[in-house]
Amino acid sequence: MAVHVGKKVAPIAVRSMPNKTEIIQINDIRVQLTWKSGVRMMRVRVLPPDGTVCATAPRWTSRKAVIGFLSERYDWMQKAIHKVQSRPQPVQLNYVEGEQVLLFGTPYTIHLKEVLPKETKHVSIEGDTITLHIKSGASREIREALLLAFYKERLSMVVSVYMKDYQSRLQCPEIPFRILRRKSVWGTFNPRKRSIVYNINLAQVPLECVQYVVLHEMTHQYISAHNADFYRKMAVFMPDWKERRTLLKQFGQKL
Ligand SMILES: [Zn+2]
């Protein structure tokens, strides 16, 4: 359902019984296992940034079957953990004078400027500088919130344009969307609500990658799995989707 920063996504479970979580040790790997009603298959994934291993299993699965399933995937889990942990870890930004930030793949330098009396705090962009017009002494949280609001506004504009374009080309009704902070997914299509959530960090990746995520999520309204049909349908409108996905993955590691 989603374009993932890391590996695959587990389907969203329709819960009729509360989930139960426990830790299962497979050699040296600690797996956080959740028994769920409403899922049909066992799944395992390795989450960034620290390589936490999470698995889900249908409630009726035996413990023996779960251990067998995870043991078979021990090598894969080990490799995936290594891959996630060897990525450059996200840099903690402080949103101070001279710091570099990205907007649609382009680096900009932050400049802080005292907001005028009677003016509300805002962001302006000129050349390769993003200026935060803010009260002197504003906290890191306030500076961050201001930049994120700016990201959200710009990303929302871009996504709206792409979505309108694909809505007319796919001849589908309008799909509502929201932009939120997300840890591991770039986007998610919710088939029940028929809506999309985009990761606010998309404001930092090149536009061709944003467009890829938009078409990817919109294609999920027809095909939920990432199968050959799914990518065939995408390729009709975006023959170079693979290159864009590769580029997005590179950026994913930088964010
Ligand atoms: Zn997807």
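Here's the list of lysines a cross-link from Lys64 could span, going by alpha-carbon distance under 22 Å and ignoring same-chain residues fewer than 8 apart: Lys20, Lys36.
Can you give me the % of accessible surface on the range 97-216 that is carbon or sulfur? Probe 1.4 Å, all protein chains present, nothing else counted.
Accessible surface attributable to carbon and sulfur in the range 97-216 totals 53 percent.
The mean sequence separation of alpha-carbon pairs under 8 Å and at least six residues apart, normalised by the residue count of the range 100-254, gives a relative contact order of 19 percent.
For the range 119-255, the fraction of C-alpha pairs more than 21 angstrom apart is 47%.
Loop-resident GluC sites (Glu not before Pro) (DSSP state other than H, G, I, E or B) in the range 104-156 with no more than 10 further Cβ atoms inside 10 Å of their Cβ: Glu119. Roughly what % of DSSP beta bridges within the range 100-254 run antiparallel, to the nearest 5? Given both bridge residues lie in the range 100-254, the antiparallel proportion sits at roughly 55 percent. When the convex hull of its Cα atoms is viewed from all sides, the chain shows a mean projected area of 16.7 nm². Under a Gaussian network description of the chain, with springs only between Cα atoms under 10 Å, the residue in Val185, Val123, Val44 that fluctuates furthest is Val123. The eigenvalues of the Cα gyration tensor, multiplied by 5 and square-rooted, give the range 24-81 an equivalent ellipsoid with semi-axes of 19, 13, 9 Å from largest to smallest.
Estimated at 0.36 nm per residue, the fully extended path between Arg181 and Ala145 surpasses their Cα-Cα distance by 11.8 nm.
Can you pull out the chymotrypsin sites (Phe, Trp or Tyr not before Pro) in the range 193-237 whose DSSP state is coil and whose Cβ has at most 16 other Cβ atoms within 10 Å?
Here the chymotrypsin sites (Phe, Trp or Tyr not before Pro) that fit, given the DSSP loop and packing criteria, are Tyr222.
Amide hydrogen proximity for Lys36: with H placed 1.01 Å from N in the peptide plane, the residues at 5 or more positions away or on another chain lying under 5 Å are Ala57, Arg59. Full extension of the segment from Gln85 to Arg40, taken as 0.36 nm per residue of separation minus the current Cα-Cα distance, would add 13.2 nm. The calculated FRET efficiency for the pair Trp60 and Arg192, based on their C-beta separation and a Förster distance of 25 Å, comes to about 0.60. Placing pseudo-labels 7 Å out from each Cα toward the beta carbon at His122 and Gln32 gives an inter-label distance of 4.2 nm. Given a 1.4 Å probe and the protein chains as shown, Asp50 ends up with an accessible area of around 90 Å². Largest GNM mean-square fluctuation across Arg45, Arg59, Arg244, computed for the chain with C-alpha springs under 10 Å, falls on Arg59. Across the range 169-185, computed HN-Hα scalar couplings (Karplus, 6.51 cos²θ - 1.76 cosθ + 1.60, θ = phi - 60°) run 6, 7, 6, 10, x, 4, 10, x, 9, 10, 10, 9, 7, 10, 7, 10, 10 Hz from first to last residue, x flagging Gly and Pro. Highest GNM mean-square fluctuation among Ile26, Ile200, Ile81, for the chain modelled with Cα contacts below 10 Å: Ile26.
Enter the accessible area per residue of the chain (Å², integer; probe 1.4 Å; all protein chains in place). Write out the running numbers ahead of the final one.
Details: 14510 Å² over 255 residues.
That works out to 57 Å² per residue.
The values are calculated or read from the model by the stated rules, or taken from the named source; none is laboratory data. The model shown is predicted, which means the values in this text are computed figures rather than measured ones. Every residue, glycine as well, gets a Cβ built from its backbone with ideal geometry; the counts of neighbours run over all protein chains shown. Each accessible area value is taken on the protein alone, full model and side chains, heavy atoms only, with ligands, DNA and RNA left out. Shrake-Rupley method; radii C 1.70, N 1.55, O 1.52, S 1.80 Å.
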